[in-house]
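**Student:** Below: one structure in structure tokens.
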Amino acid sequence: MNKADIRNLLQKVKNNEIEVEAAMGIIEDLPYKDLGFAKIDNHREIRVGYPEIIYCEGKTVEQVKGIIQFMLTKDNNILATCANEKMYEAVRNICADTQYNVLGRTITIRKREEQLSESYIAIVSAGTSDMPVVEEAAETAIILGNRVEKIVDAGVAGIHRLFAKIDIIRGAKVVIVVAGMEGALASVIGGLVDKPVIAVPTSVGYGANFGGLAALLAMLNSCASGVSVVNIDNGFGAAYTASIINKL
């Protein structure tokens, strides 16, 4: 439930359109539902504006299915990240509207049409190999109600590709930059725009990249101002923060 749902329910009780006991039944799962293996935070959207998102890594197929099965009763949009195809198949068996982004490894279910923001988030990637993180970020931003512009494969090895799309990047309210290898793209864009830049280091790169650690350290040490950094491969975290900024 969100604040609008609570307000509408209270108004119905006030207008005698619904009995108090019936209203209590609707909200009895607040603030959370205990499934035994998980406690679903039904109160989260009321507190922070967005419902709980499911991180699937480390969960079993049945656990993911059980969590989503309960969340479907709340008629919220659902996002699950780091999901595999077996999880998707299990969820699709209980909800035909389930969508799976193979590259981004996200499961999405849309129960409510969100009005997309007028402003948009630009997601810029250095290389095609960074696309899984780009797709996770894009799916997250879209289901949270944001317009998204993707500019892919525009890294520093061919910087002219970036300048061909610079007007789109500068027009965004916030920019997510996804890069592996040495992670230089975030600093470049940080020096070209007057908007917040959220840098996402990826685990793409040869041995000395250390699974994304080299890109992470380079982004943290960016000479450009206005660059903030999330964890390695954390497209979700970048998009969640970008969504908050975009809707300020």
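Please treat every number below as a calculation from the coordinates, not as lab data. This one's a predicted model, so the numbers in the text were calculated from it and none came from an experiment. Positions of Cβ are backbone-derived with ideal geometry, glycine not excepted, and every protein chain shown enters the neighbour counts.
**Student:** Which whole-number percentage describes the relative contact order of region 109-248, with Cα contacts under 8 Å and a sequence gap of 6 or more?
**Tutor:** On the way: 322 pairs, mean separation 36.9, N = 140.
Taking the mean separation of contacting Cα pairs over the length of region 109-248, I get 26 percent.
**Student:** Which loop-located GluC sites (Glu not before Pro) does region 34-66 contain, where loop means any DSSP state but H, G, I, E or B and the Cβ has at most 14 other Cβ atoms within 10 Å?
**Tutor:** Working: sites: Glu45, Glu52, Glu57, Glu62; in loops: Glu52, Glu57.
Answer by residue number: Glu57.
**Student:** Just Asp167, Asp194, Asp130 to compare: in a GNM of the chain, with alpha carbon springs under 10 Å, which one fluctuates most?
**Tutor:** Result for the chain, Cα springs under 10 Å: Asp167 fluctuates most.
**Student:** What do you get for Rg/Rh of region 120-246 when both radii come from the Cα atoms and Rh is the Kirkwood radius?
**Tutor:** Rg divided by Rh gives 0.92.
**Student:** To continue, here is another question. Roughly how many debye, to the nearest 20, is the charge dipole of the chain about its Cα centre, given +1 on each Lys and Arg Cβ, -1 on each Asp and Glu Cβ, and no other charges? Present the calculation step by step, with values, prior to reporting the outcome.
**Tutor:** Values: 25 positive and 29 negative charges, 80 e Å.
I would put it at about 380 debye.
**Student:** Quick one: of the DSSP bridges fully inside the chain, what percent are antiparallel, nearest 5?
**Tutor:** On the way: 9 of 29 bridges.
Within the chain, antiparallel bridges account for around 30 percent of the total.
**Student:** Okay, moving on. Which order do Cys56, Cys82 fall in if you start with the one that has the fewest other Cβ atoms within 10 Å?
**Tutor:** Working: Cys56 21, Cys82 18.
In increasing order of surrounding Cβ atoms, one gets Cys82, Cys56.
**Student:** Another question, if that's okay. Where does the charge balance sit around Ala239 when Lys and Arg score +1, Asp and Glu -1, over other residues with C-beta under 9 Å from its C-beta?
**Tutor:** Net of charged neighbours comes to -2.
**Student:** What full-extension length gain, to one decimal in nm, is calculated for Met24 and Ile168 as 0.36 nm per residue of separation minus the Cα-Cα distance? Intermediate values should be presented prior to the final figure.
**Tutor:** On the way: separation 144, 0.36 × 144 = 51.84 nm, distance 4.87 nm.
Separation in residues times 0.36 nm, less the Cα-Cα distance, equals 47.0 nm.
**Student:** From the list (1) 16.2, 50; (2) 28.9, 85; (3) 20.1, 67, can you say which value of Rg and Dmax of the Cα atoms in Å was derived from the structure given?
**Tutor:** (3)
**Student:** Same structure, new question: What percent does the relative contact order of region 179-248 come to when contacts are Cα pairs within less than 8 Å and at least six residues apart?
**Tutor:** Values: 127 pairs, mean separation 24.5, N = 70.
Here the relative contact order equals 35 percent.
**Student:** Here is a follow-up. Over the chain, calculate the relative contact order: mean separation of alpha carbon pairs under 8 Å at least 6 apart, over the residue count, as a percent. Don't skip to the answer; put the middle values down first.
**Tutor:** Values: 486 pairs, mean separation 32.8, N = 248.
Rounded, it is 13 percent for the chain.
**Student:** What is the distance in Å between the Cα centroid of region 174-237 and that of region 114-164?
**Tutor:** Going from one Cα centre to the other spans 13 Å.
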